[in-house]
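Step one of this worksheet: look at the structure below.
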Amino acid sequence: MTESKPIEMSLDALYSGFRDPSTIASMIAKINQKAEQLTQPMRVMEVCGGHTHSIMKYGLPQALSNKIQFVHGPGCPVCVMPKERIDHAIALAQQENVILATLGDMIRVPGSRMSLAQARAQGAEVHALYDPMHVIELARDNPHKRVVYFAIGFETTTPMTAVVIEQAIALKLDNLLFHVNHVLVPPAMDAVMADGQANINAFIGPSHVSVVTGAKIYRPAVEQYKTPLVVAGFEPVDVLESLLMLVEQQLDGRAELEIQYRRAVTNEGNTRAQELIDTYLEPRSEFRWRGLGDIPHSALKLRAEWQHLDAENVFAEVLPQTPIDDHKACLCGKILKGLAGPKDCKVFGRGCDPQRPMGSCMVSSEGACNAYYRYGRISEEIAQ
Amino acid sequence: MTESKPIEMSLDALYSGFRDPSTIASMIAKINQKAEQLTQPMRVMEVCGGHTHSIMKYGLPQALSNKIQFVHGPGCPVCVMPKERIDHAIALAQQENVILATLGDMIRVPGSRMSLAQARAQGAEVHALYDPMHVIELARDNPHKRVVYFAIGFETTTPMTAVVIEQAIALKLDNLLFHVNHVLVPPAMDAVMADGQANINAFIGPSHVSVVTGAKIYRPAVEQYKTPLVVAGFEPVDVLESLLMLVEQQLDGRAELEIQYRRAVTNEGNTRAQELIDTYLEPRSEFRWRGLGDIPHSALKLRAEWQHLDAENVFAEVLPQTPIDDHKACLCGKILKGLAGPKDCKVFGRGCDPQRPMGSCMVSSEGACNAYYRYGRISEEIAQ
Amino acid sequence: MKPKHIQLSHGGGGDETNQLIRDLFFRHFNNDILAQEEDAARLSFNGDVAFTTDSFTVTPMFFNGGDLGKIAIAGTTNDLAMAGAKPEYLSCGFIIEEGLPIETLEKVVASMAAELQTNQAKIVCGDTKVVPKGAADGLFINTTGVGHCHSKPSWKELEAGDVLLISRDYGRHGACLLAEREGFDLSGAPDSDCASLWPTVEKLLAAGIQPVAMRDATRGGVAAVLNEWAHARQLGISVDESQLPVAPETQGVCELFGFEPLELANEGTFVLAVKPAQAEQALALLQSIQPSAARVGELVEAHAGKVVLTTPWNSKRYMEMPKGELLPRIC
Amino acid sequence: MKPKHIQLSHGGGGDETNQLIRDLFFRHFNNDILAQEEDAARLSFNGDVAFTTDSFTVTPMFFNGGDLGKIAIAGTTNDLAMAGAKPEYLSCGFIIEEGLPIETLEKVVASMAAELQTNQAKIVCGDTKVVPKGAADGLFINTTGVGHCHSKPSWKELEAGDVLLISRDYGRHGACLLAEREGFDLSGAPDSDCASLWPTVEKLLAAGIQPVAMRDATRGGVAAVLNEWAHARQLGISVDESQLPVAPETQGVCELFGFEPLELANEGTFVLAVKPAQAEQALALLQSIQPSAARVGELVEAHAGKVVLTTPWNSKRYMEMPKGELLPRIC
Amino acid sequence: MCLSIPSKIVEFNPETSKATVDTMGVQREVSTHLIAEPLQVGDYVLIHVGFAMSKIDEDSALESLELYREMIEKSEALHD
Amino acid sequence: MCLSIPSKIVEFNPETSKATVDTMGVQREVSTHLIAEPLQVGDYVLIHVGFAMSKIDEDSALESLELYREMIEKSEALHD
Ligand code: SF4
Ligand code: SF4
Ligand SMILES: [Mg+2]
Ligand SMILES: [Mg+2]
Ligand SMILES: [Mg+2]
Ligand SMILES: [Mg+2]
Ligand SMILES: [Mg+2]
Ligand SMILES: [Mg+2]
Ligand SMILES: [Mg+2]
Ligand SMILES: [Mg+2]
Ligand SMILES: [Mg+2]
Ligand SMILES: [Mg+2]
């Protein structure tokens, strides 16, 4: 075997390189080989829904040793959105001369009576955007209507909302309001771990949240819960390399914060993005998460000086304020802590399914119950 | 033959009674018999387009002696509308957030570049109403737009516009404006007769204009031009009875104002309607008529105190002000005076036809050229 | 939360589309061919067939005497019937606006199913598209029909001397819809004539009537049919005005707005040309079904290309080809 | 002042309608049957025919690789071709929004005429409706097609062991349209695959290939076809993920918005099931027409009703039935 | 000019100045803002673009109709 | 969470804070408001909902890829 040429940088290298089947296969082999040495199964929570998607799409659980078990975390912004907030969006969209805009598949998520897609079908004006900046155009093109941007997402998407707020202020767009639902990863991790019950041995840390925040935000959790965390990229090779790093920590008895996704994540993150967020937004005293309940300081809102842009303030009278509890039978809280699996839930597949989700974990394809409903039984079935 | 029962009042009697084929036949026979005594053909102008319609629809020229010749008058509000006024309507309709509303088939009439129907097809918001009161609803339903009522018609339709103005003021509808094009019959009759050239021996006076104004408005013309006028209903029997009355006047050497349409027309007319008109509208110094040119005091406008409701005032900047002359080849002026017939026009049927009218008389089915184009040649053709 | 309104996802070609097709269309249109669930229906024909299409949009969707669904079947089966063909198989294409209540859709579909029954015809293939709110007006339906020819009437066979009959009083559908137009607000207007004509045609053929030509007087009304025939054959058509059957309430709507009943649309009224020898028998048969059926005139050599109305006092005038958009007359 | 835009009067059934039909539709679709000017076309058939319908709405109306007119013909002739039938006769129904530039309509009609040519098929009857501005989105077209069957593939014949081929790389049409969606503003997206498939099917049949089943992967994409087949036959379908042909630019659009190429619509790409003995020959023939044609998997007894993808590292997962509305993924 | 048709009042509400009128069996609501005289159900009025524009003088109408009947009778007598 | 994809800058306008990026042959305009470092054509960035959210560290990416290649080579060597 001769020495090969150095790899050259290219877009293709960035894609194919991290999806390469042979790399995946060797990485799997290497993990499985190391995992042999684990004395008991390692329960790894991927915090982020994007990772859940990759893990499912590339069939990693099947390929990996039973010693590696995945626990799907709370990191899907549509799944964790409590019904009362979706009801807010619908109530706003149903106002005369109000246009509600939000991102992508958010409009499919059911509130207590319907989804935004259903509200739209019934006559409310709802726009599913790809690009948050489009609300600026929407507000400009509809000077006689008020446009409400229903802002959702974890730390990844928050800076984009901040840019839009900045632009709206600069352009004096007085018909553009914001309904802010940006949630934060660290408090959610705390909510999972805090009671000491959770059965989680390692974390795969979010990719793009970390691009914004920097890896530093996970340090307190790693230290407090003595649980290793590797910030991982989204590609299958990224996820596998991170798993390898976690297995190695486990075998070494370490509980450290590491970064696998070094090509995009630093310890400090994107400081300009952080400053922008800080200028316009501040933590709420608490926010209700579907599946996890009320979590202190777990979401953002507009700062006091921008109250006139806050749809929660401007439309206070028409927004329903009753919190809606999770369904009693729903085990999402336990599932998120690694204490139960979807099959343990009495209504799984019988009352709760992706078409009519009863709990957070069934809402989007990144939820644990949803993923299990769709893929989970495949090993049994394929085994035939 | 026994004495018949008295006729009873009913809607049917009001319709069928005045359309009864035997009555029509006897009336025709009686007129033709009397007309024998006329030493030369009697040229009767029906001032009103509605009468033209009846005369054509019931085939009266064919049934009547050649001694009775019809001259179709200027009394069709859509035909006499000059192109520059239609251009106004189009310019208004094409404004952002302006809705233009007008009555019925007005939207088919071509201006200098297109009709309102074409403007609508190109994106302007144009409503063809049956009932002028609907502009009130239109203005209410579109608080963020301005609604312009393009008011058209002779004295018949003017009081309805006055009621709408009254309501708009009472309801403080500040987004409802008026573009007033109401025209007056007496100045148009003057324009036809004034130069002494016109070859007209008798007038059939309008039905419903007269309901509003009373027959009194024709007295000056009858006296000045020593030409008899009979105010006639619209039904075929009405028209025929009026003709009979005119033939009798002619034979007696009289030139009087008579009313055939006594069931609806008095000398004084509807005084409430007259007062309403007077409250909101006043004569313009002059108004251009298609076919007849500029005629002094021949149309109405909003009174000075209602200028803020006047679209001609409010939108002065966007309204084209160049008057558009009739096509040089067009003989409408002469045709209206009974000095020429459609066949005398060089472009009749060759360049000027109902689909692309060049002159006033071709515009609507009540115009002389239009009527002749459609019906006029039938006697020749049927004779084969 | 089963949706009560059509959503874009119902048109996406996925599970929700399939559910809609199965729960609604298959249930109401159920038949052996549709049950094959092939994208294209397989049919078997021998000999001459007629093939015709129409798209249906009607405002309001439900009106006195019918609805969009009834029209969507009657309209296309009538074109087959007018061609002397038995309506056998139909396709249907739905274009649905996001937000249409599923209940509304179901009413329309049930009405289609009932009207298919009248014709003993089947929907054998279909298509469903959902467009975003505002991109269509509720529901548009296309139906395309095919069936064997039992007779071959054609306007090309029209000759001077042929007698023209009309199957009932005309202008009802147009008057009915005008009355429901926004801003007209009428009551007491006529019911639409909306109906399938094949049963009538079948009886005519069974009685030995040989129709020279038939045409249902839809858009443009009776005036359009007669003018098109006169123009196409370059023959005259002579119409006796006093024989024209119009219901008083149809006339009433026309008086109010200055419309001409001859120009109003019909959805179950047809003009039939027969040889003089069969005119009386055909008329009697038509009148046994609709008493207002009438003999309206005949084809003549004179005034080629024109339709001429004769009044009782023997004046004549042209019956004109209608203008496109029906607007209330001002004069 | 000849109008440059469609007006309501063009749909009124009067002179203006007739002019539009004559000047535009007859001119472009000109053929012996249409020239008869009957409301229903008269055709002659002997034996089995396929009959299918589709309505077409596409935003934007013109896109890279095609337009509404091309799709309107290709879509329906493809359904006939997939049924093993030669596209012979089509009807077409236009629903036109008031205000559509007549030039636009003519471009669409000319494109239909060209695509008919590719199929050697004819439009033999039609219908035109005009709806008020705002009541439709520019132009909707329904076409319904009929033609003799030259073969009778059917999903009902699918059996375990049958090999599944795809005629070219998939997802292009969906990716092309997504790129033109408001707010997406992409350049460099793939051209649509929009094309008529009968010429390809004709070659397959001529070469002696006996298709077990064929389906064009339109709305819902390849994922919908495979899932429907698996579900309908209660057989499994096993797909080798590494063999699935997707163009890089199609993949690019999907990466940007989180779509799955298998779920994107195609308008000229089909899945073909053949017996294993004919698989190689059929694939070679398909590749001679489109080099990206590929063998994607086979029917199996296992995991009945499901489509299972196998990765190169031998992991398996379900290929899912697409959700209805394509929305960019947030996660 | 201006189409106008005889109709019969079947309902009348002086407070809203609205009447329902019948035209050959078809009913419609019209405004009576332009009529100064008292109106009542059974009256005949002329309707123009949604407004009653005047009452119809029944005596005069009947007088005309009687006149026409006489005329026909005379002319028939003539032909007899 | 949150889909984000590597793309290459093919055009950049610092005044409008807009860049055109290429993603597997597809081009799109994105906002660069969130990037503090200087950008230039040829740079690789991560794109999320219409924004460039960070530059990609090329050295680090190549380092990973080299590592993977070595790993494969080793495991192949193992199997040989
Ligand atoms: S199956 Fe539904 S109800 Fe049960 S745990 Fe999962 S999401 Fe909750
Ligand atoms: S034919 Fe036309 S141009 Fe000639 S007089 Fe009549 S309207 Fe005028
Ligand atoms: Mg709203
Ligand atoms: Mg406007
Ligand atoms: Mg048809
Ligand atoms: Mg039809
Ligand atoms: Mg027909
Ligand atoms: Mg289809
Ligand atoms: Mg089809
Ligand atoms: Mg199809
Ligand atoms: Mg198909
Ligand atoms: Mg038709």
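When chain B is turned onto chain A, the axis of that turn runs closest to one Cβ of chain B, and that residue with its distance in whole Å is B:His144, 2. Of C:Lys203, D:Lys2, the order by accessible heavy-atom surface (1.4 Å probe, DNA, RNA and ligands excluded), from most exposed downward, is D:Lys2, C:Lys203.
Listed values for segment C:157-169 are Karplus-derived 3J(HN,Hα) couplings in whole Hz (6.51 cos²θ - 1.76 cosθ + 1.60, θ = phi - 60°), namely 8, 4, 9, 4, x, 4, 9, 9, 10, 10, 6, 5, 5, and x replaces Gly and Pro. Excluding same-chain neighbours fewer than eight residues apart, the lysines reachable from B:Lys5 by a Cα-Cα span under 22 Å are E:Lys74. The candidates C:His150, A:His127, A:His72, arranged from most to least accessible area with a 1.4 Å probe in the full protein assembly, appear as C:His150, A:His127, A:His72.
For every helix of n ≥ 4 consecutive DSSP H residues, a contribution of -39,500 (n - 2.57) applies; sum these over chain D, divide by its total residues, and give [θ] at 222 nm rounded to the nearest 500 deg cm²/dmol.
Details: 8 runs with 94 residues, N = 331.
Dividing the helical sum by the residues of chain D leaves -9000 deg cm²/dmol.
Phi-derived couplings, Karplus 6.51 cos²θ - 1.76 cosθ + 1.60 at θ = phi - 60°, listed residue by residue for segment C:136-144: 7, 9, x, 7, 10, 10, 10, 10, 10 Hz, with x used for Gly and Pro. Annotation: amide H-H contacts under 5 Å for C:Leu264 (H modelled 1.01 Å from N, sequence separation of 5 or more, or interchain): C:Val222. In segment B:262-290, burial by the other protein chains removes 40 Å² or more of accessible area from B:Arg262, B:Arg263, B:Asn270, B:Arg272, compared with the chain on its own (1.4 Å probe, ligands and nucleic acids ignored). Heavy atoms of the protein chains alone define the surface here; on that basis the protein assembly as shown has 36 Å² accessible area per residue at 1.4 Å probe size. Take A:Phe203: with every protein chain present and a 1.4 Å probe, its accessible area is about 0 Å². Computed over chain E, the per-residue total of -39500 (n - 2.57) for DSSP H runs of n ≥ 4 gives a 222 nm mean residue ellipticity of -9500 deg cm²/dmol, rounded to 500.
When the expected Rg is taken as 2.2 N^0.38 Å, what fraction or multiple of it is the alpha-carbon Rg of chain D? Could the numbers behind the result be given before it?
Numbers: Rg = 20.9 Å, N = 331, 2.2 N^0.38 = 20.0 Å.
Normalised by 2.2 N^0.38 Å, the Cα Rg of chain D equals 1.05.
Protein-only accessible surface at a 1.4 angstrom probe places the residues B:His327, B:His182, F:His33 in the order B:His327, F:His33, B:His182, largest first.
Rounded to the nearest 10 degrees, the angle from helix B:21-35 to the longest Cα principal axis of chain B is 70 degrees.
What is the local net charge at C:Asn314, summed over the other residues whose Cβ is closer than 12 Å to its Cβ (Lys, Arg +1; Asp, Glu -1)?
Working: positive: C:Lys316, C:Arg317; negative: C:Asp240, C:Glu241.
Summing Lys/Arg as +1 and Asp/Glu as -1 gives 0.
Add +1 for every Lys or Arg and -1 for every Asp or Glu among the other residues with Cβ under 12 Å from the Cβ of D:Val109, and state the total. The partial results should precede the final answer.
On the way: positive: D:Arg27, D:Lys70, D:Lys107; negative: D:Asp23, D:Asp67, D:Glu103, D:Glu106, D:Glu115.
Net of charged neighbours comes to -2.
Inter-label distance, D:Ala206 to A:Asp325: 7.3 nm, where each label sits 7 Å from its Cα along the C-beta direction.
Please state the relative contact order of segment D:155-318 as a whole percent: Cα pairs under 8 Å, 6+ residues apart?
Values: 362 pairs, mean separation 69.8, N = 164.
Once divided by the residue count of segment D:155-318, the mean separation gives 43 percent.
Annotation: C:Arg295 carries an accessible surface of approximately 100 Å², with a 1.4 Å probe and no ligand, DNA or RNA atoms counted.
For chain E, applying the loop criterion from DSSP together with a ceiling of 16 other beta carbons within 10 Å to the trypsin sites (Lys or Arg not before Pro) yields no site. Starting from the label point of A:Pro143 at 7 Å along Cα→Cβ, the same points in the other copies fall at 1.9 nm, in ascending order. When the solvent-accessible area of segment C:155-318 is split by element, carbon and sulfur atoms take up 46 percent of it, the probe being 1.4 Å.
Normalised by the number of residues in segment C:8-148, the average gap of Cα pairs under 8 Å and 6 or more apart makes the relative contact order 38 percent. For B:Asp12, the distances from its label point to the matching points in the remaining copies are 9.1 nm, ordered from shortest, with each point set 7 Å beyond Cα toward Cβ.
Here the Karplus relation 6.51 cos²θ - 1.76 cosθ + 1.60, evaluated at θ = phi - 60°, turns the backbone of segment E:50-61 into coupling constants of x, 10, 7, 9, 5, 7, 9, 7, 5, 4, 5, 4 Hz, with x for every Gly and Pro. In this structure C:Lys156 has an accessible area near 70 Å², from a 1.4 Å probe over the protein heavy atoms. Among the listed pairs A:Lys83/C:Lys129; B:Lys145/D:Lys2; A:Lys328/D:Lys316; B:Lys57/E:Lys8; B:Lys83/B:Lys337, a Cα-Cα separation exceeding 29 Å is found for A:Lys83/C:Lys129; B:Lys145/D:Lys2; A:Lys328/D:Lys316.
With r as the distance between the Cβ atoms of B:Arg43 and C:Asp240 and R0 = 35 Å, compute the FRET efficiency 1/(1 + (r/R0)^6) and round to 0.05.
Numbers: r = 33 Å, r/R0 = 0.93.
Result of the calculation: an efficiency of 0.60.
Note: relative contact order over chain D, using C-alpha pairs below 8 Å and six or more positions apart, is 21 percent. Near A:Thr213, once Lys and Arg are set to +1 and Asp and Glu to -1 for all other residues with Cβ below 10 Å from its Cβ, the sum equals -1. Per residue, chain B reaches -10000 deg cm²/dmol at 222 nm when only DSSP H runs of four or more residues are counted, each adding -39500 (n - 2.57).
Averaged over its residues, how many other protein chain Cβ atoms are within 10 Å of peptide C:89-99's Cβ atoms?
On the way: counts 3, 3, 11, 4, 10, 2, 8, 1, 4, 6, 7.
Per residue, the number of nearby Cβ atoms from other chains is 5 on average.
Take F:Gln40, push a point 7 Å out from Cα through the beta-carbon direction, and compare it with the same point in every other copy: 9.9 nm, smallest first.
Quick one: helix B:83-93 against the long Cα principal axis of chain B, what's the angle to the nearest 10°, folded into 0 to 90? Helix B:83-93 and the main axis of chain B meet at about 40 degrees.
The values are calculated or read from the model by the stated rules, or taken from the named source; none is laboratory data. If you're wondering where the values come from, they're calculated on a predicted model, not measured in any experiment. Neighbour counts run over all protein chains shown; Cβ positions are idealised from the backbone, glycine included. Please note that ligands, DNA and RNA were not included when accessible areas were found on the heavy atoms of the full protein model with its side chains. Shrake-Rupley method; radii C 1.70, N 1.55, O 1.52, S 1.80 Å.
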